[in-house]
1. Neighbouring Cβ atoms within 10 Å as the yardstick, rank Phe79, Phe87 fewest first.
2. Fully extended, how many nm does the chain gain between Ser20 and Ile108 (0.36 nm per residue separation, minus their Cα-Cα distance)?
3. If I stretch the segment between His65 and Ser45 completely, what's the gain in nm (0.36 nm per residue apart, minus their alpha carbon distance), one decimal?
4. Sorted from largest down, what three extents in whole angstroms do the Cα atoms of the chain have along their principal axes?
5. What value, in deg cm²/dmol to 500, does the helix sum -39500 (n - 2.57) over DSSP H runs of n ≥ 4 give at 222 nm once divided by the residues of the chain?
Amino acid sequence: LPPMSQLWDSVTQTLIESHSGTVTGVKSGKIAQISINWKSASTDSWGSGQFGTIPEGWRPAVVTHGTWSGRDGGSQRDFILETNGNFRYVNCGAVQNSGTFSGTMTYILA
C-alpha cells in the first residue's frame, strides 16, 4: 500500500463550496486537476464572476487558464486561476448564457 500522504493526495476534495456551486480537486505529486460545477453566471458581454479562493497547497505555479464553451454555440468563458488562489471567470464576447456550467482544469502545483 502507498503511504497515507500519497493516498490522501489522490482523493477528491472540495476546495470551494458556495450557494453558486462547487470546485473539487484531486492531486498527485505536483499535478492537480480541479472540476468546476457552477449553477449560474453573468450574462454580460465580457462580464465576470468569482468562484472563490483555492486553498494553499492547491495553487498553481503560474497563472493558469481554462476554457468553457457552451452547447448553445454562443457562450464562452475563460477560467483564470491565479498564483494567490483567486479563481474567477470572464465571459468572452457577446451576451452569454446564464445557466449552469462545468469544466475541468489540470495544472502544475506551486
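Taken together, the values in this text are just the output of simple stated rules run on the coordinates, not laboratory data. Everything numeric here is computed off the predicted structure, so don't read it as measured data. No Cβ is skipped: glycine too gets one built from the backbone with ideal geometry, and neighbour counts run over all protein chains shown.
1. Phe79, Phe87
2. 29.0 nm
3. The span from His65 to Ser45 would gain 5.3 nm if fully extended.
4. Projected onto its principal axes, the Cα set of the chain covers 50, 23, 23 Å.
5. Using -39500 (n - 2.57) per qualifying helix, the result is -1000 deg cm²/dmol.
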